[in-house]
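Please treat every number below as a calculation from the coordinates, not as lab data. Since this is a predicted model, take the numbers as computed values, not measurements. Virtual Cβ from ideal backbone geometry, glycine too; neighbours counted across all protein chains shown.
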């Protein structure tokens, strides 16, 4: 039986998916102890064909939104623990080892989360993520955990118990953290630091993106519905 399942949503990532998946060869736990599941949004390019050379399973997304894609992956996962990330992320070699260490050491841990930062070296990107990382880290002292889909792990039984991700236009990865806190403990580990592309922020605008996230997160904190445009697949 696999120890952990890695769920990765994709949509038209043929330019970088191979390089992304090759990094799993450097993970410090044996390849036969984890599975990789790609949940693809029906890409029209070669994303799925390339991914099939490296992963255990490729499925077509049925759920709504990126959270729905992750729910689809959990539905077919075979391991007791789940790790989620995106196809434009650089992971530490001990990423899975660290997550498993927390879960297997303490049965009360239902989620493990870590920080992220930009791949791009622009001053704007670095300043934005420096600000975000410090706000997120500060929030952990007050019991506020951003269980970001780019860098989180879940105990599968707890994930299913709370109903998985909800179909929200954004902030769904924050919202699930509030429900998970009700059934167990969430651990923040800075050694899980990953780097991700800020291409979405650059396309949609840094300030607009940050304000959208902030409004969504605040509404969740106060028990209000998250407002915004509906889900749509996007190529970046």
C-alpha center-to-center spacing [region 159-190, region 107-121] in angstrom: 13 Å
Computed E for residue 44/residue 160 - FRET, C-beta separation, R0 30 angstrom, nearest 0.05: 0.40
Inter-probe distance in nm under a simple model that places probes 7 Å from Cα toward Cβ, at residue 107 and residue 54: 3.7 nm
Computed label-point distance, nm, for sites residue 97 and residue 1 using a 7 Å Cα→Cβ extension: 2.4 nm
Likely footprinting exposure, 113, 174, fewest C-beta neighbours within 10 Å first: 174, 113
Likely footprinting exposure, 105, 2, fewest C-beta neighbours within 10 Å first: 105, 2
